[in-house]
Amino acid sequence: MAFLTRQVTTENDALAAFAANQIRQIARTLQGLTNDQIRQTPTAGVMSLASLARHCLYVGNEGLLTSLDPDRQKTHGVGNHAAGEPGPAGVLDQDTAQSLMAELEDLATWVETVLSTVDMDRRVPVPQVPWFPKDIDSWPARWVALHYIEEYARHAGHADILRESMDGKGAYELNALADGEPWPPEGWAEEFAAWEEQRS
């Protein structure tokens with residue numbers, strides 16, 4: 001099941017796989033929704049699934065990761081600085097569930113490719129922006145990779161909450177649907193009951 005990150009071998013492979021999978025999990029929460037649904041704000045906050053997706057694309061296109069691949073041709077709403085805040089202003093008129101899923105998949109593929117080959121000891125300059133510390137000059141690429149895993153994992157959790165608030169569909173079910181598998185899997189209830197009995 002795609003909910004679980006694939007098997008990994010090296011440090012680079014692990015960081016690449018876990019970062020990319022979190023982005024793909026965000027994409028999975030958009031499947032099957034209408035243009036109106038992806039713009040809904042079903043919780044007390046201002047985030048919608050569309051604004052959250054736009055924010056994640058912004059972070060990938062405008063953030064520290066781009067310094068690891070200076071030759072990358074940036075795509076997907078470049079310069080859309082309103083997406084820096086995951087609110088309605090960052091959502092583009094033409095955004096659909098399918099278009100955002102495709103953009104997130106493209107980002108995940110790029111992130112996985114870059115992190116699988118970058119020298120993790122390479123130093124990345126700390127940008128002169130208010131939200132980064134002023135007492136250090138640079139981070140190793142390893143820290144940058146882990147920072148992005150943390151960022152995307154946080155937002156994958158946000159996306160789960162937003163989607164569940166809309167129609168009750170959770171990550172397991174959405175991953176099964178994306179893989180063309182039934183939910184719950186055949187025999188799941190019996191297998192779970194047997195496992196529970198074994199534990200008691």
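Does ARG6 satisfy the criteria of being part of a helix (DSSP H, G or I) and either among the charged types (D, E, K, R) or crowded, with 20+ Cβ neighbours inside 10 Å (or both)? The answer is no for ARG6. Inspection of segment 118-125 identifies at least one residue that is touching an Asp or Glu at 6+ places or on another chain (Cβ under 9 Å), among the basic types (Lys, Arg) and closer than 25 Å to THR9 by Cα.
The residues of segment 127-162 that are of a type in the set (D, E, K, R), under 16 Å from TYR58 (Cα atoms) and touching a helix residue (DSSP H, G or I) at 6+ places or on another chain (Cβ under 7 Å) amount to a single one, GLU151. In the set (1) open to solvent by less than 40 Å² (accessible area, probe 1.4 Å); (2) within 18 Å of the chain's Cα centre (by Cα), MET120 fails one condition alone, (2). Pairing residues of segment 4-19 that are free of Cβ contacts under 8 Å to residues at least 60 places away in the same chain with residues that are part of a helix (DSSP H, G or I) and of a type outside the set (A, V, I, L, M), at Cβ distances under 8 Å and at least 6 apart in sequence or on separate chains, gives THR5/PHE18; THR5/ASN21; ARG6/ASN21; VAL8/PHE18. Residue count for segment 70-98 satisfying the condition of being of a type outside the set (A, V, I, L, M, F, W, C), surrounded by 15 or more Cβ atoms within 10 Å (Cβ to Cβ) and assigned to a helix (DSSP H, G or I): 3.
Within segment 146-200, if we keep just the residues that are touching a Phe, Trp or Tyr at 6+ places or on another chain (Cβ under 7 Å) and among the small types (Gly, Ala, Ser), the residue that is nearest to ASP121 (Cα to Cα) turns out to be ALA171. For segment 49-69, check the following and say yes or no: at least one residue is out of contact with any strand residue (DSSP E or B) (no Cβ under 8 Å at 6 or more places or on another chain), open to solvent by 70 Å² or more (accessible area, probe 1.4 Å), part of a loop (DSSP other than H, G, I, E, B) and not hydrophobic (A, V, I, L, M, F, W, C). Looking for residues that are out of contact with any strand residue (DSSP E or B) (no Cβ under 8 Å at 6 or more places or on another chain), open to solvent by 70 Å² or more (accessible area, probe 1.4 Å), part of a loop (DSSP other than H, G, I, E, B) and not hydrophobic (A, V, I, L, M, F, W, C), one finds none in segment 49-69, hence no. Every listed requirement among (1) modelled with pLDDT under 95; (2) open to solvent by less than 60 Å² (accessible area, probe 1.4 Å); (3) β-branched (Val, Ile, Thr) is met by ILE38 save one, (1).
Just give me the residues in segment 124-135 being surrounded by fewer than 14 Cβ atoms within 10 Å (Cβ to Cβ) and either within 11 Å of LEU68 (Cα to Cα) or of a type in the set (S, T, N, Q) (or both), in sequence order. Answer for segment 124-135, where residues must be surrounded by fewer than 14 Cβ atoms within 10 Å (Cβ to Cβ) and either within 11 Å of LEU68 (Cα to Cα) or of a type in the set (S, T, N, Q) (or both): PRO125, GLN128.
Restricting attention to segment 166-182, the residues that are without any contact (Cβ under 8 Å) to a residue 60 or more places away in the chain, exposed (fewer than 15 other Cβ atoms within 10 Å of the Cβ) and in a helix (DSSP H, G or I) add up to 1. Quick check: is even one residue across segment 4-26 under 23 Å from ALA82 (Cα atoms) and among the hydroxyl-bearing types (Ser, Thr, Tyr)? No; the residues of segment 4-26 include none that is under 23 Å from ALA82 (Cα atoms) and among the hydroxyl-bearing types (Ser, Thr, Tyr).
The values are calculated or read from the model by the stated rules, or taken from the named source; none is laboratory data. Remember, predicted model here, so these are calculated numbers, not experimental data. Cβ: placed from backbone, ideal geometry, glycine included. Neighbour counts: every protein chain shown. Just so you know, the surface numbers come from the protein's heavy atoms only, side chains and all, with ligands and any DNA or RNA stripped out. Shrake-Rupley method; radii C 1.70, N 1.55, O 1.52, S 1.80 Å.
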